[in-house]
Amino acid sequence: MTTTTSPTTQPVPLTLSARRRWTVLAVCCLSMFLVGLDTTIVNVGLPAIGRGLDVGTRGLEWTADAYTLVLASLLISSGALADRFGRRRVFQCGLVVFGAASLVCALAPSVGLLIVARAVQGVGASMLSPVALAIVVNAMPDPKERAQAIGVWASVFGLSMAAGPVTGGALLAGLDWRALFWINAPVIAAALLLSAVFVPESRARRARRLDLPGQVLLTMVLAAVVGVLIEGPRIGWTSPAALAGYAGAVVAAAGFVRVESRRPEPLMDLPLFGRPVFTGAVVGAVAVFVALNVTLLLNTLYLQHTRGWTPLAAGVATLPLALGATVCAPWSGRMVGRAGPRLPLLLAGGFITVGGLCLVRLTPHTSVLLLLAAYVLIGIGFGFANAPITNTAVNGLPPARAGVAGAITSTARQIGSALGIAIAGGLVTGTGPAGLAHASRPGWILVAACGVLLLLVAHVSRPKQATTGPAAPQAR
């Protein structure tokens, strides 16, 4: 769940009618649904894209990860730009960039152009996700109403992530893979029109400075890590190119830490990582989205390549996952509000662990009932995880730093998505349909390990919500 405003000071409240406030929420949720949908809708269409553009698994991984990698890199900077130049203006710019890139994706004659267009989509998405929530927070100054709005926001994002494979499968049933991108056009047009009519302009009282050195170094770190994971099976894990990639990632990471520790307004507030609770929440955010994206990609490849299912059938198979996530997300939020994040985190870790373990002995003939059971367990775990992770990240922090914490955890979620796609694809690269089930087994072990990691995060989380300010975590 991407639940963050830009890492700045408190927003300037607006005086809007109740109908106008909830209309603003609806417009922003529309954009959030689009961002989440595009994170997962392409997964079910990867085999069709591969056939249409004559590209293998490695190229398909870049098609999926170009979007999430750029999105993860630019989330915080886009929020800072919106605070400086106007949130509605940057939001609308993001819609235009996202829509134009979607049209290029739909028309792309080669995988190279498709990957570039997907990266540009990520640029546009980075202007939508944090900026839209900042608009909502600014439009709803009442803490109780704002908390309700954040609950709606969380449910929409979870639903969009889970609905992607089903929507993609339905589009592919009657059209080709290009429909996965054409579908964005009417949504973008509607969001642009509605935002122009209903969304007010707003800025932060004091906009943060852009941290360009930190931004460049963060992008270099992520690109190096994801690049090695994707290209490693082809170039060899100990080849000179791979070793150069490892070295580049380490040097860029060291440079990032050095630069951020010296800047008065860094891209990331590194002292926050000195808090075990906050660090645990960031690790948990990465783990949850690694598990989700490994599940979705392996599900797509296994069901379509090994078992010969249609894209629609493969998408429908994720409905138990979507159902579990949709039902448990609001339930988790209520549990966090009553008793803190520990119990839902324990439930999330337990369900994801068991779901992953169900498939560690996957074969080409594994029972469909077992597959569906594993998916529903992982979906339940995903639904329980997001609210407590956000709460744990901002718990005990003053409101001025809660936005920074939320921004970092949102970035961590997208990093988890990029890593999950890269790892899952690397496991099955070059594997034929008959061997794909066996090759994917380490992926399901990884899903279970992510669940165990969440159990550890639960043990460092506080049993009750801190009382540093009324509804501060929910407001962010």
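In square nanometres, what is the average projected area of the Cα convex hull of region 252-401? The partial results should precede the final answer.
Values: hull surface 45.2 nm².
It is 11.3 nm².
State, in angstrom, two size descriptors of region 48-120 derived from its alpha carbons: Rg to one decimal place and Dmax to the nearest whole number.
Cα only, region 48-120: 14.3, 44 Å (Rg, Dmax).
What do you reckon, how do HIS365, HIS438, HIS305 stack up by accessible area (1.4 Å probe), largest on top? Before the final figure, lay out each step's value.
Numbers: HIS365 160, HIS438 125, HIS305 80 Å².
Putting HIS365, HIS438, HIS305 in descending order of accessible area: HIS365, HIS438, HIS305.
Roughly to the nearest percent, how much of the accessible area of the chain is carbon and sulfur, given a 1.4 Å probe?
Working: 12050 of 17030 Å².
Roughly 71 percent of what the probe reaches on the chain is carbon or sulfur.
So what's the back-of-envelope 222 nm ellipticity for the chain, counting only DSSP H runs of four-plus at -39500 (n - 2.57) apiece and dividing by all residues, rounded to 500? Show your work: numbers first, answer last.
Values: 19 runs with 368 residues, N = 476.
It comes out at -26500 deg cm²/dmol, rounded to the nearest 500.
Given Cβ point charges of +1 (Lys, Arg) and -1 (Asp, Glu) and nothing else, what value in debye, to the nearest 20, does the dipole of the chain about its Cα centre take?
On the way: 34 positive and 14 negative charges, 243 e Å.
For the chain, the charge dipole is close to 1160 debye.
What residue among PHE382, ILE408, ALA439 has its Cα farthest toward the positive end of the dipole of the chain, where the charges are +1 on Lys, Arg and -1 on Asp, Glu, each on the Cβ?
It is ILE408, whose Cα lies furthest towards the positive end.
Output the peptides 336-345, 253-262 sorted from most to least packed, where packing is the average of other Cβ atoms within 10 Å over each peptide's residues. Don't jump to the answer; show the numbers that get you there.
On the way: 336-345: 21.4, 253-262: 14.9.
Ranked by mean Cβ neighbours within 10 Å, highest first: 336-345, 253-262.
Mean separation of Cα pairs under 8 Å and 6+ residues apart, divided by the residue count of the chain: what relative contact order is that in percent? The partial results should precede the final answer.
On the way: 935 pairs, mean separation 118.4, N = 476.
It rounds to 25 percent for the chain.
Just to be sure I follow: if Rg is taken over the C-alpha atoms of the chain and Rh is the Kirkwood radius over the same atoms, what is Rg/Rh? Don't jump to the answer; show the numbers that get you there.
Numbers: Rg = 20.7 Å, Rh = 22.0 Å.
With Rg and the Kirkwood Rh in hand, the quotient comes to 0.94.
The values are calculated or read from the model by the stated rules, or taken from the named source; none is laboratory data. Nothing here was measured: the structure is a model prediction, and the numbers come from that model. Every residue, glycine as well, gets a Cβ built from its backbone with ideal geometry; the counts of neighbours run over all protein chains shown. Just so you know, the surface numbers come from the protein's heavy atoms only, side chains and all, with ligands and any DNA or RNA stripped out. Shrake-Rupley method; radii C 1.70, N 1.55, O 1.52, S 1.80 Å.
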